[in-house]
Amino acid sequence: MSLTDRIARGLEAGWKVTDGATLTHNQTHEADVVVIGTGAGGGTTAEILARAGLSVILVEEGRLYYQKDFKMNELDAYASLYQEGMSRVTKDGAIAVLQGRCVGGSTTVNWTSSFRTPDPTLNHWASRFGLDDLSPDAMRLWFDGREERHNIEPWVTDPNVNNDILRQGCEALGWSWEVIPRNVKGCWNLGYCGVGCPTNAKQGALTTTIPGALDNNARLFHGLRADKLVMKQDRIDHLQASAMAADGVTPSGITVELKAKHFVVAASAIGSPGLLLRSDIPDPHNRIGKRTFLHPVNATIAEMPDTVDPYYGAPQSIYSDEFNFSRGVDGPAGFKLEVPPLHPAMSAGVVPGHGEQQVSDLSKLPRMNSVIALLRDGFHPDSPGGTVSLRDDGSPVLDYPVTDYLWAGLKDAFYKMAEIQFAAGAKQVRLMHLDSPWYTTWADTKAGIDKLTMAPHRVRLFTAHQMGGCGMGNNPEESVVNGFGEHHQVTNLSIHDASVFPTSIGANPQLSVYALAARNSTRLAQKLRS
Amino acid sequence: MSETLPQSVQTEAPATAMDRRSFLRTGLGGALFLGTVSVTAGLSGCASAPAGRDYPMPEAMDQSYEFRFLTRDDIVLFKALLPAMVGPGLAEEQVVRRQQIQATIERIDAGIHQFGPANQKELRGLFDLLNFGLTRVTVARVWSSWENVSPETAHAFLERWRTSGIGLFNNGYIALTKVSNVAFYGHPDHWHLSGYPGPPGFAVDSLPQFKDNA
């Protein structure tokens, strides 16, 4: 097996990879650049810098898991590959946050949907945040390059039934739908992207940029938590980090100090503001952690007349943007429509209920379809996003109040999702809401949604996309970094992840992160080598 | 849930002039409230240490699991809740049923261990509130201690928290059902209940990671 797996082969060939749990004494290391985080942003950055001949140290709080560990097992995967063992929620508990915590970050567990940043989003950034350099024309070559690097192409195989229901519903209603581009190579169409790709087909950071960086002499510490960037005068001197025990959650007591000329933070929209806040990084306009976005997601489930097998096949292959930008970029809350894969543990956690009703609901799984709406937050004044702050123990937490503007969008999405499912032939539909029964007709559902209480906890909300919190912009009074990810105040600090987005993306964000990190890392490499 | 919380609970609120429901709806109020209960529970002799290998399942055949988060009281709580939580999903046969409950509680504990300190603290507050006699009666409105609670009573409690107009109770309902449902339905022993056939056989047969451990 070791001969066929990219990671196993690299480890055998002598990659510099250190598991924090194996460290027995405090130590110091030095490199040209320390990159914190190994997801879409950190992986891209590390590969580009290492290929440019710079010495790079990568730091990852989660552990290194790869093909040998990916056994299509939900419970093990959720406990080991996700933030807070899949229990991460917003501050009041109302939104469940699905986010990776392992080498490769969320790209190791995402469902492979790979969209370019929509033109209206880039144009909005130009007009609202002065980011003219990120126009669709200027970004095109970076998207082209990253699509090649991650083998991103529209999915050519037929969609699975779960996705086809979205297509059929849209088709019947005259609403637009498209095929999703995916970052896969030789995909087996199994359906287990969310628990770590078992076949190495997924071209996330774990199988592309991380190996690329390690092949070029980068060093990776995993199971090592970045605690604090320590300043000396006006520059960052070193990163202070804590090794984690083999369980991945308990600090072992061993500390590591990492010195560098430059530091790139790519620890996610929750992790990056958290690290900057813990480090007391200069923040004269109090911007760190502000305007954090989530693409809040609500969902409906349907019982279909025939077999759906929603646990098998490429999890996401069809989407609809019918309601995303159609009412203006800063009009009423727009949303993208997609479907989620449904495996038993995920379904049991998402479908709210207990007892006989729950046994009955979950027994429908083989004939179940679900549609999700991803709300485009951050484009309207009534959608200012959430705020990342620190808990007493220094860990970051996101306070994300759902505004009336978003509730209106979520309610609208409930109508559209249920209508799609009935149009595709659903026998009955249930909203993911504590009060929702199963509805057997579209008319009843519509009447039910009319009366529905839109309130935290009662409406089940999720997010798999965290963005913002260290927003970029030309005006330092309302942003943390400039359009190249360079910190406005600290000259040897860059931020290369989704935290720099000044709004949400309006699409699954991985390709937006890859492309912007590639652009900004190419410039950083030039600067550091000159 | 209750429109009026009993006097004993009201007196613990630092802002008695505030409308009780709006107080409980706020995260801050909720945190203070649960914090109060946790402290009180600790002082009143509720078990607060993880149960380790010492837990009240004398009937269990396998005692090898070491609890790292759940206390003896928490275990009793889940023994009472699970029959209502997963209801007819449990086997009729008593020995099998007990094993299913034990294994599910062990998986809940293992799962919570991976949650990390912040969410563990939240759950500690919730479990203490349910275990501490005064709040069990006043807030959960469960009159007898959990070891004597019938599945019907446990179901009624879950229903009150599910249908409550108070967000904090809805949140408690979600927390309890989520950890239980995921640990129960997510395990291969119970996949048949959801009709999930498991990972595709051809993939399991041909992928190297399944051969190494065979």
- Message: Take the residues in segment A:68-82 that are touching a Phe, Trp or Tyr at 6+ places or on another chain (Cβ under 7 Å) and crowded, with 23+ Cβ neighbours inside 10 Å; name whichever of them is nearest to the other protein chains (Cβ to nearest Cβ).
- Response: A:Met72
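Quick one: would you say A:Pro344 is touching a residue at least 60 places away in the same chain (Cβ under 8 Å) and touching a Leu at 6+ places or on another chain (Cβ under 7 Å)?
Details: touching a residue at least 60 places away in the same chain (Cβ under 8 Å): yes; touching a Leu at 6+ places or on another chain (Cβ under 7 Å): yes.
Considered against the rule, which asks whether it is touching a residue at least 60 places away in the same chain (Cβ under 8 Å) and touching a Leu at 6+ places or on another chain (Cβ under 7 Å), A:Pro344 comes out as yes.
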- In segment A:220-232, anything open to solvent by 10 Å² or more (accessible area, probe 1.4 Å) and farther than 18 Å from A:Cys102 by Cβ is listed as A:Asp227, A:Lys228, A:Val230, A:Met231, A:Lys232
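Can you tell me which residue within segment A:347-400, out of those that are of a type in the set (S, T, N, Q) and in a loop (DSSP other than H, G, I, E, B), is farthest from the other protein chains (Cβ to nearest Cβ)? Talk me through it step by step, then tell me what you get.
Quick first cut of segment A:347-400, residues of a type in the set (S, T, N, Q) only: A:347, A:357-358, A:360, A:363, A:369-370, A:383, A:387, A:389, A:395.
Next, from what is left, pick out any that are in a loop (DSSP other than H, G, I, E, B): A:363, A:383, A:395.
Numbers: A:Ser363: 6, A:Ser383: 20, A:Ser395: 5 Å.
Among those residues, the one meeting the criterion is A:Ser383.
Conditions (1) in contact (Cβ under 8 Å) with a residue 60 or more places away in the chain; (2) touching a helix residue (DSSP H, G or I) at 6+ places or on another chain (Cβ under 7 Å); (3) open to solvent by 20 Å² or more (accessible area, probe 1.4 Å), marked per residue:
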residue	(1), (2), (3)
A:Leu122	no, yes, no
A:Asp137	no, no, yes
A:Trp142	yes, yes, yes
A:Arg146	yes, yes, yes
A:Arg149	yes, no, yes
- Item | Subset of segment A:459-483 (residues that are open to solvent by 20 Å² or more (accessible area, probe 1.4 Å) and either free of Cβ contacts under 8 Å to residues at least 40 places away in the same chain or of a type in the set (Lys, Arg) (or both)) | A:Asn482
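Here is a yes/no grid of residues against (1) among the charged types (D, E, K, R); (2) not in a helix (DSSP H, G or I):
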{"site": "A:Gln489", "(1), (2)": "no, yes"}
{"site": "A:Gly506", "(1), (2)": "no, yes"}
{"site": "A:Leu511", "(1), (2)": "no, no"}
{"site": "A:Arg523", "(1), (2)": "yes, no"}
- Message: Exactly one of these conditions fails for B:Gly87: (1) modelled with pLDDT under 85; (2) under 16 Å from B:Ala103 (Cα atoms). Give me its number.
- Response: (1)
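Every residue, every condition in (1) assigned by TED's automatic domain parsing to the domain that holds A:Ala507; (2) not hydrophobic (A, V, I, L, M, F, W, C), yes or no:
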| position | (1), (2) |
| --- | --- |
| A:Leu11 | yes, no |
| A:Leu49 | yes, no |
| A:Gly62 | yes, yes |
| A:Gly93 | no, yes |
- Hey, among A:Ala314, A:Ala333, A:Ala299, which residue is at pLDDT 95 or above, open to solvent by less than 40 Å² (accessible area, probe 1.4 Å) and within 14 Å of chain B (Cβ to nearest Cβ)? A:Ala314
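Tell me which residues, restricted to segment A:1-52, are assigned to a loop (DSSP other than H, G, I, E, B), more than 14 Å from every other protein chain (Cβ to nearest Cβ), more than 25 Å from the chain's Cα centre (by Cα) and of a type outside the set (Ser, Thr, Tyr). Even if it seems obvious, please write down each step before you answer.
So the first thing to find is which residues in segment A:1-52 are assigned to a loop (DSSP other than H, G, I, E, B), and the list is A:1-5, A:13-15, A:23-26, A:37-39, A:52.
Adding the requirement that they be more than 14 Å from every other protein chain (Cβ to nearest Cβ) leaves A:13-15, A:23-26, A:37-39, A:52.
Okay, now just the ones that are also more than 25 Å from the chain's Cα centre (by Cα), so A:13-15, A:23-26, A:52.
Once the filter is applied, which keeps residues that are assigned to a loop (DSSP other than H, G, I, E, B), more than 14 Å from every other protein chain (Cβ to nearest Cβ), more than 25 Å from the chain's Cα centre (by Cα) and of a type outside the set (Ser, Thr, Tyr), segment A:1-52 yields A:Ala13, A:Gly14, A:Trp15, A:Leu23, A:His25, A:Asn26, A:Ala52.
Consider segment A:424-440. How many of its residues are open to solvent by 40 Å² or more (accessible area, probe 1.4 Å) and away from every other protein chain (no Cβ under 14 Å)?
Residues of segment A:424-440 open to solvent by 40 Å² or more (accessible area, probe 1.4 Å): A:427, A:435, A:437-438, A:440.
Add one more test, that the residue is away from every other protein chain (no Cβ under 14 Å), and what stays is A:427, A:438, A:440.
Result for segment A:424-440: 3.
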- Item | Output for segment A:195-207, where each listed residue is away from chain B (no Cβ under 13 Å) and crowded, with 24+ Cβ neighbours inside 10 Å | A:Lys202, A:Gly204, A:Ala205, A:Leu206, A:Thr207
- Does any residue of segment A:371-392 turn out to be at pLDDT below 95 and either among the aromatic types (Phe, Trp, Tyr) or open to solvent by 20 Å² or more (accessible area, probe 1.4 Å) (or both)? yes
- Here are some conditions: (1) within 30 Å of A:Glu478 (Cβ to Cβ); (2) buried (at least 21 other Cβ atoms within 10 Å of the Cβ). A:His285 meets all but one. Which one does it not meet? (2)
- Does A:Gly62 satisfy being away from chain B (no Cβ under 14 Å), closer than 30 Å to A:Lys261 by Cβ and under 17 Å from the mean Cα position of the chain (by Cα)? no
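Quick one: how many residues across segment B:132-166 are of a type in the set (Gly, Ala, Ser) and open to solvent by less than 10 Å² (accessible area, probe 1.4 Å)?
Total satisfying the criteria: 3.
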- A:Ala443 fails exactly one of (1) open to solvent by less than 20 Å² (accessible area, probe 1.4 Å); (2) outside the structural domain of A:Thr45 (by TED's automatic domain parsing); (3) aliphatic (A, V, I, L, M), namely (1)
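Are any residues in segment A:486-496 in contact (Cβ under 8 Å) with a residue 40 or more places away in the chain, open to solvent by 10 Å² or more (accessible area, probe 1.4 Å) and touching a strand residue (DSSP E or B) at 6+ places or on another chain (Cβ under 8 Å), and if so, which ones? Step through it out loud before you land on a result.
Narrowing segment A:486-496 to residues in contact (Cβ under 8 Å) with a residue 40 or more places away in the chain: A:487, A:489-496.
Those left that are additionally open to solvent by 10 Å² or more (accessible area, probe 1.4 Å): A:487, A:489, A:491.
Scanning segment A:486-496 gives A:His487, A:Thr491.
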- Task: Exactly one condition in (1) under 30 Å from A:Ala455 (Cα atoms); (2) under 17 Å from the mean Cα position of the chain (by Cα) is not met by A:Pro181; state its number.
- Result: (1)
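Counting only residues that are free of Cβ contacts under 8 Å to residues at least 40 places away in the same chain and more than 10 Å from chain A (Cβ to nearest Cβ), give me the helices (runs of 4 or more DSSP H) lying completely in segment B:111-207 with at least 1 of them.
B:133-138, B:151-163, B:201-206
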- Which one of A:Gly248, A:Gly289, A:Gly271, A:Gly253 is assigned to a strand (DSSP E or B) and not aliphatic (A, V, I, L, M)? A:Gly253
- Message: I'd like the residue in segment A:83-103 that is assigned to a strand (DSSP E or B) and at the interface with chain B (Cβ under 9 Å from one of its Cβ atoms) and, out of all such residues, is surrounded by the most Cβ atoms within 10 Å (Cβ to Cβ).
- Response: A:Val89
- Query: Would a scan of segment A:233-248 turn up a residue that is buried (at least 21 other Cβ atoms within 10 Å of the Cβ) and under 24 Å from A:Thr463 (Cβ atoms)?
  - Reply: yes
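The values are calculated or read from the model by the stated rules, or taken from the named source; none is laboratory data. Source: prediction; values computed, not measured. So basically every Cβ, Gly included, is an ideal-geometry build from the backbone, and we count neighbours across all protein chains shown. Only protein heavy atoms, including side chains, enter the accessible area calculation; ligands, DNA and RNA are left aside. Shrake-Rupley method; radii C 1.70, N 1.55, O 1.52, S 1.80 Å.
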